[in-house]
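The values are calculated or read from the model by the stated rules, or taken from the named source; none is laboratory data. A quick note: this is a predicted structure, and the numbers were derived from the prediction, not measured. Counting neighbours? That spans all protein chains shown, and the Cβs are built from the backbone with ideal geometry, glycine included. Quick note on the areas: whole protein, heavy atoms, side chains included, nothing else; ligands and nucleic acids left out. Shrake-Rupley method; radii C 1.70, N 1.55, O 1.52, S 1.80 Å.
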Amino acid sequence: MAHQWTCSVGLFAICLLETGGALAQPYPAKPVRIISPFTAGSAIDTLARVLGQKLGDTWGQQVVVDNRVGANGIIGTEAAAKAAPDGYTVYLGNISTLAVNPHLYQKLPYDSVRDFAPVTMAATIPVVLVVHPSLPVKSVKELIALAKAHPGQLNYASGGTGSAQHLPMEMLRVEAGINIVHVPYKGLGPAYSDVLGGQVPMMFAGVSNVVPYMKSGRLRVLAIGSPKRSTSLPEIPTVAESGVPGFDFDSWTGYLVPPATPSAVIAKLHADITRTLTLLDVREKLVSLGFDLVGGTPDAFATLIRNDLARFGKLVKAAGIKAE
């Protein structure tokens, strides 16, 4: 039966309850928290803060980036999975936490598919294969030849096992049939430092971190891991066109919420985040930092997660990667 608007002013609050909250405040009515499972200053954290500031302006509410760091992103991901499903905790997950960790750890405190509702893909962060100038190679083919001539003698750095620097190098190792040695660091900073210093001769790294060192001659860029050349570095060939056909690695990141979050809230988040990704100043800022902005539907993001779970499961098994 339809409700009749016969309430007195004194019974207004009761009427609101009886009409199912029809006049409740629209979402968001209070500050929103974005959980980033990686350190402040990292690529994902930068993305969270740039978009968070714009979303805050749109909503008229504070957007707080909450860095829940540790255990290869597991701590932050678990916190997001167990958050209240009300839209006031949003998670910025990535390829490592959602597609790789499930194959590295036997007992994860979250399930990438069951414990999250995708909102939208946000961006990819292309990775490039870089070497210290002292390494006598100027192409992927020359690097592969050198590695085959000296099996087990070339090291590469990463920010940790299962990271977005580790996986593409293992993909290269398996697909090119070379024997190279992984040197995992506790974070990207020490890994970059040792590659820049020549203690470790090579690594895969995010485009945004590499460009200044490439221009100054402190690092040599051999190829990009994406299936297509980057608009920001069009002169750099892909790994696939450099002697390893089919090579395809992009580090992606996107927004998710707990699965019981109301569909109307997910729709609102999706609409506002994807609109923010189209803003000119946002695009200029993030593209200059090496991001390729994507957007897309929740279903498309869900499909990507499922596909990469399967794809990287095969890679982790073929490469014999173990959590450390």
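Which one of these is in a loop (DSSP other than H, G, I, E, B), basic (Lys, Arg) and at pLDDT 85 or above: Arg114, Arg33, Arg49?
Arg114
Consider Ser230 against the criteria (1) under 23 Å from Asp45 (Cβ atoms); (2) under 19 Å from the mean Cα position of the chain (by Cα); (3) modelled with pLDDT of 95 or more: it satisfies all of them except one. Which criterion is unmet?
Condition not satisfied by Ser230: (3).
Between a first residue in the stretch 101-118 that is free of Cβ contacts under 8 Å to residues at least 40 places away in the same chain and within 13 Å of Thr77 (Cα to Cα) and a second residue that is among the acidic types (Asp, Glu) and open to solvent by 20 Å² or more (accessible area, probe 1.4 Å), which pairs have beta carbons less than 7 Å apart while being 6 or more apart in sequence or on different chains?
The qualifying pairs are Pro109/Glu78; Tyr110/Glu78.
Give just the number: which of (1) outside any loop (DSSP other than H, G, I, E, B); (2) in contact with a Leu (Cβ under 6 Å, 6 or more places away or on another chain); (3) over 19 Å from Val221 (Cα atoms) does Leu98 not satisfy?
So Leu98 meets the others, but not (2).
Taking the conditions exactly as written (at pLDDT 95 or above and touching a Pro at 6+ places or on another chain (Cβ under 9 Å)), does Ile305 satisfy them or not?
So Ile305 passes the test.
Checking the condition open to solvent by less than 60 Å² (accessible area, probe 1.4 Å), over 25 Å from Asn209 (Cα atoms), in contact (Cβ under 8 Å) with a residue 40 or more places away in the chain and in contact with a strand residue (DSSP E or B) (Cβ under 7 Å, 6 or more places away or on another chain), which residue from Leu286, Leu315, Leu304, Leu293 passes?
On inspection, the qualifying residue turns out to be Leu304.
How many residues are loosely packed, with under 15 Cβ neighbours inside 10 Å and either in a strand (DSSP E or B) or at pLDDT below 95 (or both) when one looks only at the stretch 249-280?
Total satisfying the criteria: 0.
Given the residues Leu98, Leu135, Leu129, Leu143, which is the only one that is more than 27 Å from Phe291 (Cβ to Cβ), open to solvent by less than 50 Å² (accessible area, probe 1.4 Å), modelled with pLDDT of 95 or more and of a type in the set (A, V, I, L, M)?
Leu135
Exactly one condition in (1) surrounded by fewer than 19 Cβ atoms within 10 Å (Cβ to Cβ); (2) under 15 Å from Phe38 (Cα atoms); (3) not small (Gly, Ala, Ser) is not met by Thr77; state its number.
(1)
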